[in-house]
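Remarks on the structure that follows.
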Amino acid sequence: MNPGFYIILTAQFLSALADNALLFAAIALLKDLNSPAWHTPLLQQSFIISYIVLAPFVGAFADSLPKGRVMFISNVIKLAGCLVMLIGIHPLLAYCLVGLGAAAYSPAKYGILTEYLPPGQLVKANSWMEGLTVAAIVLGALVGGLLITPSISNPMLLWWDVPLIDTGIDTPPELAITVILFIYVAAALFNLYIPKMAIDHKALSRSPIFLILDFWHCFKLLWKDPLGQVSLAVTTLFWGAGATLRLLVLGWASVALNYDFSAAAKLTAWVAIGIAIGSVLAAKFVKLEHSVKVLPVGIAMGLAVLLMIPVSNSTLAIALLIVIGAMGGYFVVPMNALLQHRGHLLMGGGRSIAVQNFNENLSIFCMLGLYGAMQLLDINIYFIIAVFGLLLSGIMAALYKYHGHDQDKGQR
């Protein structure tokens, strides 16, 4: 891997670190506003709605400019979302603006890998990308959890105060958001040094109608391709499940382990550590052409989630969350690389990632909606965990039954 690849990784790490720390800061801000519990999944829905609505346009946008420039513009939008949250705009609206930047960022960050690297290095590159993204999730949970902890934030707030100047930063969530804003600035600076690649698969027209029709064509093309279909289905399910699992862990930790919010936020980091471990193992043992063979690990992951129900010991909880994360990382990294490879061949990196984002975030939106509805109905957290684990295992088993014996289909 050459130096340009590591600049891409650094920019992605900083942006992902800020994204994940901001989630916990925004949830804490909602708590300060005495918002109902179901506003928490709604907060994440406000973030991902841009991925769904703008899917026909962000892929073409990512393919129309050098992807480093697209990533820079996207980080500036995220930074603006932080600013408006800080000046008092409701977190649900401000986080929606951050999601707009993230929606534009994603096709560029993954699409540049297919332009910058040969197919033989994609699984390894994805392992690096996912590993560092997971490291950012871990640190984001820790940074977010620490910054909203009164024993840590209150001394920092005293230091932050400037005589005769009202900074408007008076609470732990506001302090956390300010720190995160500077992380976005650092990410944007690294974006400026990403190597410029030749523009690939540029859209033939900027007409919204053309872009919608082009997106629909790409959507059908990827779902009809045998390997595109299975990889898209698996990644769609995984990210929907992953987003919901993070909120499940927050709710479960407060009931099963008697954790407060900041401690529960830090606990989610162990899932991310497991994903990093699984990503490394996938890079070492799974080849691109054998990606479909990892599907049984997804079935096992759903069953492992059910083991959360009897656990009430913090050490066992950490071990279980690491195992669940490792299973997820092991099966999603090869699927992600396979999907990028097929998408790049069929339609271009930006468009294929936009299709992937549309499906994955529609899954997240629906799963978070289901979780929010269960919270609104005050359903027991253990029942929600059981539904979640069985749903994940059942769908993965159906995918393996349908695709498990034809993994060579589409490679020839």
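All of the numbers you see were taken from the coordinates with simple rules; none came from a lab. This one's a predicted model, so the numbers in the text were calculated from it and none came from an experiment. Quick reminder, even Gly has a Cβ in these numbers, built from the backbone with ideal geometry, and neighbours come from all protein chains shown.
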Report, largest value first, the span of the C-alpha coordinates of the chain along each principal axis, in whole Å.
66, 48, 39
Would you please give the FRET efficiency between L377 and S312, computed as 1/(1 + (r/R0)^6) with r the Cβ-Cβ distance and R0 = 30 Å, to the nearest 0.05?
0.80
Quick one: if you stick a label point 7 Å off each Cα along the C-beta vector at I152 and K293, how many nm between them?
4.2
What's the ranking of 265-277, 169-181 by average number of surrounding C-beta atoms within 10 Å, highest first?
265-277, 169-181
Added length on full extension, which subtracts the Cα-Cα distance from 0.36 nm per residue, A397 to W216:
62.3 nm
Going by how many other beta carbons lie within 10 Å of each one, how would you line up H217, H90, fewest first?
H217, H90
Plugging the Cβ-Cβ distance of L345 and L83 into 1/(1 + (r/R0)^6) at R0 = 41 Å yields, to the nearest 0.05, a FRET efficiency of 0.55
For the chain, what is the charge dipole size about the Cα centre, in debye to the nearest 20, if Lys and Arg each add +1 at the Cβ and Asp and Glu each add -1 at the Cβ?
1160
Rh (Kirkwood, all Cα-Cα pairs) for the stretch 267-393, Å, reads 16.0
Within 10 Å of each residue's Cβ, count the other Cβ atoms and sort L100, L321, L345 from fewest upward.
L345, L100, L321
Derived scalar couplings ³J(HN,Hα) [the stretch 226-243; Karplus, 6.51 cos²θ - 1.76 cosθ + 1.60; whole Hz; x for Gly, Pro]
x, 6, x, 4, 5, 5, 5, 5, 5, 5, 4, 5, 4, 6, x, 5, x, 5
Go ahead and run the numbers for FRET between V255 and V76, Cβ-Cβ distance against an R0 of 51 Å, rounding to 0.05.
0.80
With a Cα-only, solvent-free Debye model of the stretch 1-135, what are the log10 I(q)/I(0) values at q = 0.16, 0.20 Å⁻¹?
-0.83, -1.16
Toward the positive end of the charge dipole of the chain, about the Cα centre and with charges on Cβ (Lys, Arg +1; Asp, Glu -1), which of I8, P118, L267 goes farthest?
P118
What helix-only [θ] at 222 nm does the chain give? Using -39500 (n - 2.57) per DSSP H run of at least 4, over all residues, to the nearest 500, the answer is -27500 deg cm²/dmol
Between K284 and Y193, 0.36 nm times their residue separation minus their Cα-Cα distance comes to what?
29.8 nm
